[in-house]
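Each value in this text was obtained by applying a stated rule to the coordinates, not by laboratory testing. Every value quoted in this text rests on a predicted model; they were computed, and no experiment measured them. Positions of Cβ are backbone-derived with ideal geometry, glycine not excepted, and every protein chain shown enters the neighbour counts.
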Amino acid sequence: MTSNFHDEAQELIALGNALTKPQQTWLRGHLEECADCRSYAEACSRVSVAVRSLPVAADARLVRATQMRVRFHASRMRETRARMWMVAVACLGVGLSAAVTAPLLWRLFAWFGERAGVSDMVWQAAYAGFWIVPVLVVSALLLARGTHLADHRE
């Protein structure tokens, strides 16, 4: 056998129980034939048992610090969930109000356009601007707050 088979066997031994059926079959066959790899597998097994038998105890300060971090993270998650609920309700409100007011505003702009004597293209562009400009302004402010303004607050 070449050293590649031994190297592969040692890699499979290191994986432990995470082997596929074909890998297990190949490894069992190799260990029956190779005394060196068999002794390596037994040594790995002894080390694994020894490591698992060691008691693991955490310092009381570490436990308190971990509990504090977990509680803080859980609190932040609750706050985020509450904020997201409010955002969802706000989005629903905005969507409903837009659905109700859009046809009314269309008629209002058409009426103003007719009274002012402007072409349909002009009042329709004004209507589109009425909906688009606030969105662009708010988007720019949120973008600035998220990037440029955030750097100055620190």
Given the conditions (1) free of Cβ contacts under 8 Å to residues at least 12 places away in the same chain; (2) within 40 Å of the chain's Cα centre (by Cα), report the number of the one that S48 does not fulfil. (1)
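Select from the range 117-136 the residues that are part of a helix (DSSP H, G or I) and either exposed (fewer than 10 other Cβ atoms within 10 Å of the Cβ) or on the phi > 0 side of the Ramachandran plot (or both) and list them in ascending order. Show your work before the answer.
Here is the first cut: in the range 117-136, the ones part of a helix (DSSP H, G or I) are 120-136.
M121, V135, listed by residue number.
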Where a residue in the range 14-39 is surrounded by 10 or more Cβ atoms within 10 Å (Cβ to Cβ) and its partner, wherever it lies, is charged (D, E, K, R), with Cβ under 7 Å and at least six apart: L31/R38
